[in-house]
Amino acid sequence: MPDLSHYLLFVAAALVLLVIPGPAVLYIVTRSIDQGRRAGLMSVLGVAVGSVVHVTAAALGAFGVAALIHDRISECEVSRSGIFDLSGSAEIRQT
């Protein structure tokens, strides 16, 4: 468990990052000021659609990696259980 000083430092850093606007906010505000409300709303829509696509791709990628790992583990289960069976029978034979 982190001590209080580390926890307070983490909270302070999180609040600083929360207050600072990101590049998407700066892009939307700049477009809104420069080209009007309609362009700002279109920028919001573009950023939102891009975020959905990005999150979906990340989720599918993580799912694909998890499925690949699961397939590899299930292929190895037979050999692992065989190794455990052989080691168990070797132990029984020695006693």
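Data overview
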| read-out | value |
| --- | --- |
| Protection-proxy order for peptides 8-15, 24-31, each taking the mean of Cβ atoms within 10 Å per residue, highest first | 24-31, 8-15 |
| Gain on full stretching of the segment that runs from Val52 to Leu17 - 0.36 nm per residue minus C-alpha separation | 10.4 nm |
| Label-point gap, in nm, between Leu60 and Leu9 - each point 7 angstrom along Cα→Cβ | 4.1 |
| Arg37-Ile69 pseudo-label distance in nm [points 7 Å out on the Cα-to-Cβ vector] | 4.9 |
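A short reminder: the numbers here are calculations on the coordinates, not readings from a lab. All figures in this text were calculated on a predicted structure; none of them were measured in a lab. All Cβ positions, even for glycine, are placed from backbone atoms using ideal geometry, and neighbour counts span all protein chains on display.
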